[in-house]
Every structure is written in C-alpha cells, then in structure tokens.
Amino acid sequence: MCGIVGYIGTRDAFPIIIKGLKRLEYRGYDSAGIALLNGDMTVFKKAGKVSELEKIVIPGETIANIGIGHTRWATHGEPNDRNAHPHLSQSGNLAIIHNGIIENYSSIKEELSKRGYVFHSDTDTEVLVNLIEEVQKTEKTTLDNAVRIALNEVVGAYAIVVLNKNNPDQLVAARKGSPMVIGIGEDDFFIASDASPIIEYTKNVVYLDDQEYAVINRNGTYSIRTLGNVEKSHAIQKLEFSLEAIEKGGFEHFMLKEIYEQPKAIEDALRGRMNASQGWIKLGGLNEFINRIDNAGRFIVTACGTSWHSGLIGEYLIEDLARVPVEVEYASEFRYRNPIINEKDVVIAISQSGETADTLAAIELAKERQALVYGICNVIGSSIARTSHAGSYTHAGPEIGVASTKAFSTQISLLTLIALQLAQVKGTIATSKLREILYELENIPRKIEETLLLDAQIKEIAAIYKDATNFLYLGRGYNFPVALEGALKLKEISYIHAEGYPAAEMKHGPIALIDENMPVVFLATNQSAYEKIVSNVQEVKARKGKIIAVIHKSDTQIRELADHIIEVPETEEILSPLITIVPLQLLAYHIAILRGCNVDQPRNLAKSVTVE
Ligand code: F6R
C-alpha cells in the first residue's frame, strides 16, 4: 500500500527516486509524485504509473541531491493528480509522503480549517503535513520535534518522510504500522518502504520499529528516537538478496519468473531443515518452543488471501499427520469477532509480506490473550516476523508480482515440515512413512520442473477460454484449497469471475451455473475419493460444462470425460498441492496476458496491504 522513497547525499536524487519508485510500484500504482529541494521546492505529481510521472517532469528542473517520492494505492480521495503525493503544507515549506491511513484526520482537519488552513486535496496526508506545520509554528520547535508531537496526536498507521525547504540537509522519517528501511551508504542515505530501491547502492540497512522516527542528516549522521522521545540505537543489518532477485531476468513478467522460480524457492525453503536419508526435520523456530507447541490444545492459523489458502492446506496437514485440532481464520474476521483464545493455543500467522495489517492485528490479539504466535513470513525483518514469538522464513526470495505464487508453495513446504516435525514429536507417524514423505518432498522441485514443461499446452487451453466470463474450480481434500487459490489467481489478474469449491459441494448450489459456456477446472489427482471425483466430473459433463482436468498420467476415467487434460507427475497425496497449483498459476497467467491485462500490477490491488 503505497511505496515511499527518500534520498539525501551527494548523488543526483531524481534517478535514484524514480528507479526506486518503479521497484516499489507493486505496492500501488494509482499515482506517483516526487519533491526535490534545490533552493526551492520542486514538485511533480501525476495520476497513473511512474511512467506517467516521468512524462510530465521538466528536464533541467530535477537537479537536486535531496528528495522524496511516492507511488500511491488510494485510500482517502480518488486517484487523481490532486490527491497524488507529495503534499505540501500551507506555507509550501514542508513536503510529505505517506503510506497508511490517519483515522482521525477529519477532526484534525476541522480544527486546522478553523485556524485558516485551506486544503487542496481530499487526502488525510495533507492534513498531517499541515498539522506538523501548525505544531512547528505554535511550539516554535524543530521539524523533527514537530513531527513527533504531531504523530502523538494522530490515530492510524503511517510511514512518512518529510522534506523541509528551510533545511535542505535533513530528512525526517517515521513509522507506525507501515514498513520503513533506511539504507546507509558511504556518504548518503536512502529511505524506502522495502529494501528494493536500496540494494543497488548499499547492503547496510536499519529497520525502523513501530512508533519511531529518524532524523537523517547530510553530514552522514542519523538518530532514531521513539515517539515518546527515547533515544534508540538499532544494529545495522546486511541485506541478503541480490539485485538480480528483484529484476525480471529475461522473463516478460515478474509473475511468470516467480512461477518458474518455484523449484528453487522450495529447495531454499527446505535447505538445512530436513534430511530424508537420516529422517530428521529441524525448524529452528519450532525447536525453540517445542514443549509449548507439543502441548498446544489446538492450532489457529490466521492469514489473508493466498496465505489463508496455504493455511487451509496447513490445517489438513497438521490434523492429518500430527492429529492436533486446527482452525483456520481470516485474520480480518478473527480480529473483530471476539474469538476464544488462551495460553494453550498456538497461533500460526502466515504472510508473504509480513506487513498485512489484518494479520498483524490478529497477532496482537493472540498475544494479548497469551497465545504463542508462530510467524511464517517471506520478507526478512518484516513486522510480523519481528512481532511473532517464534517462526520460520519461507526464503522464497523477493516476490514482486502482485499475484502471489512462489510464496504460496514455500508456505506449504514449511507447513509440511511443521506438520511432520510435530507428528514425529507426538509419535503419530511411523519413521518409514516420515522418510518416504521427506524423500518425496525432496523430489518436488524436480516434479514442478516437469510440470512447467506443460506451459505451451496450458497456453493453448488459455486461448480457448480467454473470453469466458465465469470459471469454476473444483477439488477435494488437499486439492480443495488449491481450487480456491486457482480461482483467486484467475480473478485477480484476468478480471474473470471465478469460484473455487469443494467438488462435492457443487451439487448444493453452484451446479445451477453449469451450462455449455462454463469452464470447470477439476483438480483430480486424488488417490483417495477418486471415484467420487469421477462422479462430480460426470455431473458437470451431463450439463455440458467444459471440463479442464488436472490428472495423473495413470488416470483412466477422467481423461475420457474431460475436454482438456493436464497430466501432472504423481506424488504423495499430502504433497499434491505443490504440483497441482502450478498449471493453475500458468492458466491464469496466460488468460490474463491474452486478455491484455497487466499481470504484475492488476487493477485496484497492491502487493502489501497495510491498511485494515
Ligand atoms: C493474492 C495475494 C493476496 C495476498 C494477501 C496476503 O495473490 O497476493 O491475496 O496473499 O493480501 O498477503 P500477505 O501474504 O503478504 O500477508
């Protein structure tokens, strides 16, 4: 939700900020803007993508070595030029960029209006920059102190950077509930919502914590304080990923690159955490709290979107293998429905970004009620990773395409390890079976590579159904959450309405939708309940639905009934989602491309949802 970039140093700020904004565009692309200081404050802003902003920039007016930039995912105010950031204070001395929501902005706006402030946008952000200016004026204080005082008055979530025309040697940044990283260069500083705009210049970073603000000076010094005015010092951390990881590497889109990266991502997720021949699993985070986890009365998995789908697979895995009850909750519902949680519960919070506001709120609630929180995150150092008591990183590498792909498969890989390790501790799995599954898990990356070879065939199927207006995805058991995820992938990037259902539920309603225009994707690789799925396929066929079936090579019956078959390699049933999701990701990708959609930046979406 909104990307922010700031630079102060000796280099030309404009290209650094523009490049940084392009890297952060996955966070929002409703509008973009930049403010530069070179004696005067120069601001350019435009609705649309960063490329639109570049078109209106006047060459010769971008020379500066301090500046801030923003790419927006609209919350308050429609996405137009007026509402684009940066926003200026009444005097024009301050410029601000903001990621998040100021919830009490309307009462502050009313008060400021009474004091003569006039607003030129519909945003909460413009209210905040004027509040800072008002504090600065009335308290006759420095900008950083005014930022601190103003932020103590606001309710909401934010990451902000403020530029001051009267002090071209300083940037002030602050955060609460939205991420912020400060890159420390040789003689310059970079500020950004994540490390992708920074990695090209320095690997040394400091992560700002919630309720902290930083004063960053051109003379190479910086200081961090809490909003309660207590000085803090954070260890400098080394960025682990490379520049290549955030570039397309020959692929047309990040989404396709990330689909193809899944074999390696899964290998990275498993590396050092299991050994099939020796029959061990070692998840550091789990070991640390193993007694408490072993004694848990139940697990509650909480997450949103794709991560929630992997949580459902986690439920099947943990109940199946370790025989402990699991509940899976949408984080947004969990947080606001007064759930029963106690100190014997273990809450598994799953999040690619580690910044999803709903999931963070659910974690806070779980912690308040004394549950142990285990985080499964991809982004190192993210808020969820830091606020959880224990956890494991998925190590999928940066996921930039807005539609989640490799995060999903690595989350499932980790959930499989958690379920297996628990089963081992509880003695609910025979050693021989454990080894068998671990061997098969090691084989999964190779089997995904085999599945990726079906790309051209899937593209042909996509061409046949690209103009469909609805799709149904059906699966049973472990393939039911995969059906949900396949439908989500299609709708979010191609804008075709799609629904995922347990195959047997179809007859309780969705069957009414089936006619000759309805493509139905069946996930039919199950060894168990195979005959039942055959019946479900028959039911669709009888109503002239178009059947696209994901099957095993050994399938005998469904291949005869389906209009199209996608043959994937066989594996243990509990591992099948890792394979069956791949053709669905490719199908969604190709349909979206054939419909001319922007798969990496689908409309209305953003990669990291930092508002509730
Ligand atoms: C779908 C997608 C979203 C996210 C959801 C949670 O492709 O990307 O549904 O899965 O917003 O995000 P994280 O995992 O970052 O908490």
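Here, each number is a calculation from the coordinates, and none is a lab measurement. Given the structure is predicted, the values throughout are model-derived calculations rather than measurements. Note that we place each Cβ from the backbone using ideal geometry, even for glycine, and neighbour counts take in every protein chain shown.
Could you give the angle, 0 to 90 degrees to the nearest 10, between helix 357-368's Cα long axis and the longest principal axis of the Cα atoms of the chain?
Compared with the principal axis, the helix lies near 80 degrees.
Check cross-link reach from LYS367 to the lysines: straight Cα distance under 19 Å, and skip same-chain residues fewer than eight apart.
LYS176, LYS344
Report the gain in length on full extension from GLU364 to SER107: 0.36 nm times residue separation, minus Cα-Cα distance, nm rounded to one decimal.
89.8 nm
At a 10 angstrom cut-off on C-beta neighbours, averaged per residue, how do the peptides 292-302, 259-269 rank from highest to lowest?
The peptides rank, most packed first, as 259-269, 292-302.
If you put +1 on each Lys and Arg Cβ and -1 on each Asp and Glu Cβ, how big is the dipole of the chain around its Cα centre, in Debye rounded to 20?
Details: 62 positive and 78 negative charges, 34 e Å.
Here the chain has a charge dipole of around 160 debye.
If the only charges are +1 at each Lys and Arg Cβ and -1 at each Asp and Glu Cβ, what is the size of the charge dipole of the range 44-164 around the Cα centre, to the nearest 20 debye?
I would put it at about 180 debye.
Using Cα-Cα distances under 8 Å and only pairs 6 or more residues apart, what relative contact order does the range 249-450 have, in percent? Walk me through the numbers before you get to the answer.
Details: 376 pairs, mean separation 61.8, N = 202.
In percent, rounded to a whole number, it is 31.
Under 16 Å Cα to Cα from LYS491, which aspartates and glutamates show up? Leave out anything in the same chain fewer than 8 places away.
Straight-distance partners of LYS491: ASP467, GLU499, ASP600.
Which angle between 0 and 90 degrees, to the nearest 10, do you get for helix 479-494 versus the longest principal axis of the chain when only C-alpha atoms count?
50 degrees
Principal axis extents for the range 464-520, Cα atoms only, whole Å, descending order, please.
Dimensions of the range 464-520 along the principal axes of its Cα atoms: 29, 23, 16 Å.
Can you sort TRP73, TRP280 so the residue with the fewest Cβ neighbours within 10 Å comes first?
In order of increasing Cβ crowding within 10 Å: TRP280, TRP73.
For the range 314-354, compute the orientation-averaged projected area of the C-alpha convex hull (one quarter of its surface), in nm².
3.7 nm²
From the Cα gyration tensor of the range 3-239, with a ≥ b ≥ c the square roots of its eigenvalues, which class applies: rounded if a/c is under 1.5, or else prolate if a/b is larger than b/c, or else oblate?
Rounded, because the longest to shortest axis ratio a/c is under 1.5.
log10 I(q)/I(0), Debye, Cα-only the range 249-450, no solvent, q = 0.15 Å⁻¹?
Calculated log10 I(q)/I(0) at the listed q: -0.87.
So for the range 375-446, taking the charge dipole from beta-carbon charges (+1 Lys/Arg, -1 Asp/Glu), which of TYR439, ILE412, GLN424 sits furthest toward the positive end?
Going by the charge dipole, the pick is GLN424.
If you rank HIS309, HIS389 by fewest surrounding Cβ atoms within 10 Å, what's the result?
Ascending Cβ contact count within 10 Å gives the list HIS389, HIS309.
How much net charge surrounds GLY354 when only the other residues with a Cβ under 11 Å from the Cβ of GLY354 are counted, with Lys and Arg +1 and Asp and Glu -1?
Its environment carries a net charge of -1.
Just to confirm the filter: which trypsin sites (Lys or Arg not before Pro) across the range 316-357 are DSSP coil and have at most 15 other Cβ within 10 angstrom of their Cβ?
Values: sites: ARG323, ARG335, ARG337, LYS344; in loops: ARG323, ARG337, LYS344.
Here the sparse-neighbourhood loop sites are ARG323, ARG337, LYS344.
What's the percent breakdown of Cα-Cα distances in the range 82-166 across 10 Å bins, shortest bin first?
The distribution over the range 82-166 is 19, 60, 21, given as percents.
So if I average 1/r over every pair of distinct C-alpha atoms in the range 453-602 and take the inverse, what Kirkwood radius in Å does that give?
14.9 Å
Can you give the three extents of the C-alpha atoms in the chain along their principal axes, from longest to shortest, in whole Å?
Reported extents, whole Å, longest axis first: 78, 54, 43.
Taking square-rooted eigenvalues a ≥ b ≥ c of the alpha carbon gyration tensor, is the range 330-380 rounded, prolate or oblate, where a/c under 1.5 means rounded and, failing that, a/b exceeding b/c means prolate? Each step should come with its number before you reach the end.
Values: a/c = 2.51, a/b = 1.43, b/c = 1.76.
In terms of gyration-tensor shape, oblate.
Taking +1 at the Cβ of each Lys and Arg and -1 at the Cβ of each Asp and Glu, which of LEU24, THR141, LEU488 sits farthest along the dipole of the chain towards its positive end, judged by Cα position relative to the Cα centre?
Of the listed residues, the answer is THR141.
Among 560-566, 86-92, how do they line up from the highest to the lowest mean number of other beta-carbon atoms within 10 Å?
On the way: 560-566: 18.0, 86-92: 20.4.
Taking the mean over residues of other Cβ atoms within 10 Å, the ranking is 86-92, 560-566.
Put a dot 7 Å past each Cα toward the Cβ at LYS114 and GLU442; how far apart are the dots in nm?
The modelled label-to-label distance comes out at 7.2 nm.
Pairwise over distinct Cα atoms, reciprocal of the mean inverse distance: report the Kirkwood radius of the range 51-192 in Å, one decimal place.
Values: mean 1/r = 0.0634 Å⁻¹.
This gives a value of 15.8 Å.
Given an 8 Å cut-off on Cα distances and at least 6 residues of separation, report the relative contact order of the range 1-151 as a percent.
Values: 315 pairs, mean separation 33.8, N = 151.
That works out to 22 percent.
Which aspartates and glutamates does LYS532 reach when only Cα atoms under 13 Å apart count, and residues fewer than 8 places away in its own chain are ignored?
Qualifying aspartates and glutamates at Cα under 13 Å: GLU505.
Past 21 Å, Cα to Cα: identify those pairs from LYS22/LYS45; LYS45/LYS165; LYS55/LYS203; LYS203/LYS257, in the order given. Write out the running numbers ahead of the final one.
Values: LYS22/LYS45 14 Å; LYS45/LYS165 18 Å; LYS55/LYS203 31 Å; LYS203/LYS257 24 Å.
The answer is LYS55/LYS203; LYS203/LYS257.
Please identify the GluC sites (Glu not before Pro) of the range 162-249 that satisfy two criteria: DSSP loop assignment and at most 12 other Cβ atoms within 10 Å. Which are they?
Those that pass, being in a loop and sparsely packed, are GLU186.
Just for the chain, what percent of DSSP beta bridges are antiparallel, to the closest 5?
Bridges in the chain are about 60 percent antiparallel.
To the nearest 10 degrees, how steep is helix 576-594 against the longest Cα principal axis of the chain, on a 0 to 90 scale?
For 576-594 against the chain, the angle is about 60 degrees.
Which three lengths, in whole Å and largest first, does the range 414-471 cover when its Cα atoms are put on their principal axes?
51, 25, 15
Where does the range 147-265 land on Rg(C-alpha)/(2.2 N^0.38 Å)?
Relative to the 2.2 N^0.38 Å estimate, the range 147-265 comes out at 1.24.
By the gyration tensor of its Cα atoms, with a ≥ b ≥ c the square roots of the eigenvalues, what is the shape of the range 27-96: rounded for a/c under 1.5, prolate for a/b over b/c, or oblate?
In terms of gyration-tensor shape, oblate.
Going toward the positive end of the dipole of the range 245-319, with +1 on Lys and Arg Cβ and -1 on Asp and Glu Cβ, which of ILE300, MET255, ILE313 do you reach last?
Highest projection toward the positive end goes to ILE300.
Would you order TYR7, TYR330, TYR393 from fewest to most other beta-carbon atoms within 10 Å of each residue's own beta-carbon?
On the way: TYR7 32, TYR330 17, TYR393 22.
The most exposed by this proxy come first: TYR330, TYR393, TYR7.
Tell me, what is the Rg over Rh of the range 1-62, with Rh the Kirkwood radius over Cα pairs?
0.94
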